[in-house]
Amino acid sequence: MSFTIAIDGPAAAGKGTISRAVSEHYGFAHLDTGLLYRAVGAKMLDGVAPVDAAQNLQPEDLARTDLRGPEIAQAASKVAVIGEVRLALVDFQRAFARRVGGAVLDGRDIGTVICPRADAKLFVTASAEVRAKRRFMELAAKGLADSLDEVLADVKARDDRDINRAESPLKPADDAVLIDTSELSIEAAIAAAIAAIEARR
Ligand code: DC
């Protein structure tokens, strides 16, 4: 049996944490689709043309340890506006979504474009200020922090690019359940996600 859960939303809204918790709760496989765009963005920074990078992505490209940094996040958001890059990544994501045993995919366009018929769809969001603060704390813990103002500017730049691009822009699917995590603890956000998914099972 396959059961597909689509979790979309802007950067640092809590999608990753919720997706990992949901996949563990149900014993489903999890794909962080942002990692695909980050791997392509990293290759672009290495001098590879983004479309070539997307069409020839290898498992070891996804295993790079530097993919979480802020520079690669911006590069990911830049390559993600290119239609041919997105197209090159579609089949892999759809095949993952159909896995027997269930799958959780998180990203920007999972519920709208990659898996429009997903069994459950969540759109996880939070205010830009709250998201910037969370991202700042994460980066600070890794010794990668800029100032909070710079992180907020980065979050807003990425939101702007992700929301306003022509191809597969970031937006909630009509049938997605919205979860605003601005005022929620991690535990409460995970509980809200599981309750929304249970309503579809
Ligand atoms: O989720 P993330 O922060 O790792 O994503 C990095 C960038 O990749 C994001 O700013 C836009 C792009 N992305 C996308 O366009 N579509 C997805 N499904 C996932 C990520």
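Tell me which residues, restricted to the range 24-64, are in contact (Cβ under 8 Å) with a residue 40 or more places away in the chain and farther than 17 Å from ALA95 by Cβ.
HIS25, TYR26, GLY27, GLY34, TYR37, VAL40
Can you work out which of the residues in the range 39-71 that are in contact with a Gly (Cβ under 9 Å, 6 or more places away or on another chain) and of a type outside the set (Gly, Ala, Ser) is surrounded by the fewest Cβ atoms within 10 Å (Cβ to Cβ)?
GLU71
Under 7 Å between Cβ atoms, at least 6 apart or on separate chains: pull out the pairs that start in the range 68-88 with a residue that is free of Cβ contacts under 8 Å to residues at least 24 places away in the same chain and end on any residue that is near the ligand (Cβ under 8 Å from one of its atoms) and in a helix (DSSP H, G or I).
No pair meets every condition.
Quick check on my filter: what residues within the range 43-73 are within 11 Å of the ligand (Cβ to nearest atom), at pLDDT 95 or above and either within 20 Å of VAL104 (Cα to Cα) or in a helix (DSSP H, G or I) (or both)?
Listed by number, the list holds a single entry, ILE72.
Of ARG64, ARG108, ARG135, which residue is within 30 Å of PHE3 (Cβ to Cβ) and of a type in the set (D, E, K, R)?
Result of the check over ARG64, ARG108, ARG135: ARG108.
Name the one entry in ARG158, ARG200, ARG165 that is surrounded by 15 or more Cβ atoms within 10 Å (Cβ to Cβ) and closer than 22 Å to ILE18 by Cβ.
ARG158
Which residue out of SER147, SER127 is among the hydroxyl-bearing types (Ser, Thr, Tyr) and in contact with a Ser or Thr (Cβ under 8 Å, 6 or more places away or on another chain)? Full working, then the answer.
Numbers: SER147 fails: in contact with a Ser or Thr (Cβ under 8 Å, 6 or more places away or on another chain).
On inspection, the qualifying residue turns out to be SER127.
Within the range 1-21, which residues are buried (at least 23 other Cβ atoms within 10 Å of the Cβ) and β-branched (Val, Ile, Thr)?
Selection gives THR4, ILE5, ILE7, ILE18.
Kindly indicate which of ALA132, ALA95, ALA118, ALA103 is free of Cβ contacts under 8 Å to residues at least 40 places away in the same chain and not β-branched (Val, Ile, Thr).
ALA95
Can you tell me which residue in the range 1-31 is nearest to the ligand (Cβ to nearest atom), limited to those that are at pLDDT below 95 and closer than 21 Å to ALA153 by Cα?
Narrowing the range 1-31 to residues at pLDDT below 95: 1-2, 11-12.
From the residues that got through so far, the ones that are closer than 21 Å to ALA153 by Cα too are 11-12.
Numbers: ALA11: 4, ALA12: 7 Å.
Ranking the candidates gives ALA11 first.
The values are calculated or read from the model by the stated rules, or taken from the named source; none is laboratory data. Because the structure is a prediction, the values reported are computed rather than measured. For neighbour counting, all protein chains shown are included, and Cβ atoms are generated from backbone atoms with ideal geometry for every residue, glycine included.
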